[in-house]
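Heads up: the structure comes next, in structure tokens.
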Amino acid sequence: MFADKDISKFNNIETPFYYYDTDLLQKTLRTCADAAAPYQFHIHYALKANFNAVLLNQIKEIGFGADCVSAGEVRKAVEVGFDHKKIVFAGVGKSDKEINEALDLDIFCFNVESIQELEVLNELAGKKGKTAQVAIRINPNVDAHTHHNITTGLDENKFGINSWDLPECAETLKASSNLKFIGIHFHIGSQITNLDVYKNLCVRVNEFAAWFEDKGFNLKVLNVGGGLGIDYYNPDHQIPDFESYFKIFNEFLTVKPGQEVHFELGRALVGQSASLITRVLYIKKGKKKNFVVLDAGMTELMRPALYQAYHKIENLSQSEVGSPKSEVVKYDIVGPICESTDCFGKEVEQPESFRGDVFAIRSAGAYGEVMASKYNLRDAIRSVYSSEI
């Protein structure tokens, strides 16, 4: 994305802003679609990763569906033009208002996360004279081996229905005349880089599918969620290995004739497509610490403060780290927000930096712009696209 270090295109653009490489996004989407096609896998894009309308239009055009976790996301997907029959609605706390709106929009499926939600959905659908298609999100107790805060498939997590509640769940489904049970749903976490984790998931999906079939249910959909990670350390033109990812499910998942396998990918599709572009406001030199103070902060990119997440940071104005032309200095790279957690990285090696230098914080296409806030009454973050400059 910045291999040529040509930052002249940014000189007249006020920082901070998100810079989107739409060509890289298109290449990533096409690679994913081509890898899924031989298996006839169905892809839903997880809007929670990024709901920028320019990105959504590219994703819609490739033919993917939408995975939503709020009525707002469902509404956005419909507004952008996603096929309503490719929209799924998950979330552990859907309100009655949200359920009613999704029912009115006639979406493909509700991914239901509790027995009580089943009862509420059945009641609300009945009042509208509708039948809602549902998949049961099951907590498979599979360790995703990722950050604790983004693990979702263990018994200790709030998501999904636990295995010991499935008998009651089955009885509730049989008694719910306004629900059509079409499948089972799983999502074990985010930023998963060890693909062996998905082999374990397949084993559990096979077990739960067999359990429901033994109870007389016909499963049309096996929804295995998403969570495939990206390489934050080597962001240049890194497209996830979708081929190996899908191959695991083809080899280890038991799929019967007529069944569909659905995925909900977010970060893997958009994560590398954007960088946060920001300028140095001040350099502070101390006896023990040197600070680069940027004009972007945790209000623009929350992940480092929230998850202690790593993002590669580059000074685009100076020479490569280690170049004989510049001294290498260790900096704490921080933002302007009145919080000690407003820090993008500690002791980060950079060429000697100066006021006005342009920095890029890489791999910010997922959970960057969408998590931005107006804390400290900051101006809303803007977006710039490679096709525009």
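The values are calculated or read from the model by the stated rules, or taken from the named source; none is laboratory data. These figures come from a predicted structure and were not determined experimentally. Here the Cβ positions follow ideal geometry from the backbone for every residue, glycine too, while neighbour counts run over all protein chains shown.
Residues in the range 110-143 that are assigned to a strand (DSSP E or B) and of a type outside the set (S, T, N, Q): F110, V112, A132, V134, A135, I136, R137, I138.
When E251 is tested against the conditions (1) over 29 Å from N57 (Cβ atoms); (2) of a type in the set (D, E); (3) in contact (Cβ under 8 Å) with a residue 60 or more places away in the chain, the lone failure is (3).
Going through (1) touching a residue at least 24 places away in the same chain (Cβ under 8 Å); (2) under 25 Å from the mean Cα position of the chain (by Cα) one by one, Q350 falls short only on (2). Being of a type in the set (K, R) and under 27 Å from the mean Cα position of the chain (by Cα) is the filter; apply it to the range 280-322 and report the residue that is nearest to M371 (Cα to Cα). Ranking the candidates gives R303 first. Beta carbons closer than 6 Å, at least 6 apart along the sequence or on distinct chains, pair a first residue in the range 6-24 that is among the aromatic types (F, W, Y) with a second that is crowded, with 19+ Cβ neighbours inside 10 Å and part of a helix (DSSP H, G or I) for Y18/E369; Y20/S273. Given the criteria over 24 Å from G229 (Cβ atoms) and either modelled with pLDDT under 95 or assigned by TED's automatic domain parsing to the domain that holds N52 (or both), does K330 qualify? Taking the combined requirement at face value, the residue does not satisfy it.
Can you confirm whether R137 is buried (at least 22 other Cβ atoms within 10 Å of the Cβ), modelled with pLDDT of 95 or more, basic (K, R) and out of contact with any Pro (no Cβ under 6 Å at 6 or more places or on another chain)? So R137 passes the test.
Selection within the range 363-389: residues that are polar (S, T, N, Q) and either crowded, with 18+ Cβ neighbours inside 10 Å or under 19 Å from Q26 (Cα atoms) (or both). The member of this set that is farthest from the chain's Cα centre (by Cα) is S387.
Just for the range 76-93: of the residues that are farther than 16 Å from H42 by Cα and more than 18 Å from the chain's Cα centre (by Cα), which one is surrounded by the most Cβ atoms within 10 Å (Cβ to Cβ)? The qualifying residue surrounded by the most Cβ atoms within 10 Å (Cβ to Cβ) is V78.
Scanning the range 35-49 turns up at least one residue that is among the basic types (K, R), at pLDDT 95 or above and either surrounded by 15 or more Cβ atoms within 10 Å (Cβ to Cβ) or not assigned by TED's automatic domain parsing to the domain that holds L228 (or both).
Taken over the range 179-199, the criterion of being in contact with a helix residue (DSSP H, G or I) (Cβ under 8 Å, 6 or more places away or on another chain), free of Cβ contacts under 8 Å to residues at least 60 places away in the same chain and closer than 20 Å to I161 by Cβ is satisfied by F181, I184, F186, I188, G189.
If I ask for residues that are closer than 27 Å to P240 by Cα and out of contact with any His (no Cβ under 8 Å at 6 or more places or on another chain), which ones from the range 351-379 would you list? Of everything in the range 351-379, those that are closer than 27 Å to P240 by Cα and out of contact with any His (no Cβ under 8 Å at 6 or more places or on another chain) turn out to be F359, A360, G365, A366, Y367, G368, E369, V370, M371, A372. Of the residues screened, L294 is one that is farther than 26 Å from Y45 by Cβ, in contact with a strand residue (DSSP E or B) (Cβ under 6 Å, 6 or more places away or on another chain) and assigned by TED's automatic domain parsing to the domain that holds R378. S244 meets all of the listed conditions (1) buried (at least 17 other Cβ atoms within 10 Å of the Cβ); (2) assigned to a helix (DSSP H, G or I); (3) not aromatic (F, W, Y) but one, namely (1).
Can you find, within the range 222-240, the residue that is farthest from R30 (Cα to Cα) among those that are surrounded by 20 or more Cβ atoms within 10 Å (Cβ to Cβ) and among the β-branched types (V, I, T)? Within the range 222-240, the match that is farthest from R30 (Cα to Cα) is V224. Among the residues of the range 208-262, which ones are of a type in the set (D, E) and modelled with pLDDT under 95? Passing the criteria: only D236. Could you look through the range 100-109, keep only residues that are crowded, with 22+ Cβ neighbours inside 10 Å and outside any loop (DSSP other than H, G, I, E, B), and pick out the one that is nearest to the chain's Cα centre (by Cα)? Looking at residues that are crowded, with 22+ Cβ neighbours inside 10 Å and outside any loop (DSSP other than H, G, I, E, B), I get C109.
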